[in-house]
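Trainee: First, the structure itself, so that you have it in front of you.
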Amino acid sequence: MIGALVSTLVGPITGLLDKFIPDADTKAKLAHEIATMSVKQAHEGALAQLEVNKVEAGHSSIFVSGWRPSVGWCCSIALFWHFVAAPLLTFVAGWSGYPIPPLPAFDMDSLMTVLMGLLGLGSLRSFEKIKGVAR
């Protein structure tokens, strides 16, 4: 992903180098330095975000450190409702003869996008634990 971003950003700059620098070796060296510099900046930005995440996770307030778990619980409850509770309630009500109004439904596309993002982060955390990097 970062490689595609770098090539998208660096491509126009290297095109400008063609206009101003006639020497192919100097042009290649400058293009490499620009690409390396942009990758380094992206890496430093990711490391800074990791540090912010560490500070948030270690905070004593549940409103700071608990926002990720709360989103996870909301997704879990919504999935439970959509795939277990609502169908079971509909079945039991139909079987017993009670008419029920239409049950609320969630936008599962948006919910799954958020949940898959959280699960991706969770798998990285599990990978860190397996490697012995995390506590």
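Trainee: Looking at the stretch 1-91, what helices (runs of 4 or more DSSP H) fall wholly within it and have at least 1 residues that are at pLDDT 75 or above and touching a Leu at 6+ places or on another chain (Cβ under 9 Å)?
Mentor: Values: elements: 2-20, 24-58, 62-65, 67-80.
Passing ranges, in order: 24-58, 67-80.
Trainee: What number of residues within the stretch 77-106 are surrounded by 13 or more Cβ atoms within 10 Å (Cβ to Cβ) and of a type in the set (S, T, N, Q)?
Mentor: Total meeting the criteria: 1.
Trainee: May I pose another question? Scan the stretch 107-135 residue by residue and report those that are assigned to a helix (DSSP H, G or I), modelled with pLDDT of 75 or more and either open to solvent by 80 Å² or more (accessible area, probe 1.4 Å) or among the charged types (D, E, K, R) (or both). Working first, answer last.
Mentor: Start the filter on the stretch 107-135 by keeping residues that are assigned to a helix (DSSP H, G or I), which leaves 108-131.
When the remaining residues are screened for being modelled with pLDDT of 75 or more, the result is 108-117.
Matches in the stretch 107-135: 109, 113, 116.
The values are calculated or read from the model by the stated rules, or taken from the named source; none is laboratory data. What you are looking at is a predicted structure, and each value in this text was computed from that prediction instead of being measured. With ideal geometry, Cβ positions are generated from the backbone for all residues, glycine too; neighbour counts draw on all protein chains shown. Areas reflect the complete protein model, heavy atoms only, side chains present, ligands, DNA and RNA absent. Shrake-Rupley method; radii C 1.70, N 1.55, O 1.52, S 1.80 Å.
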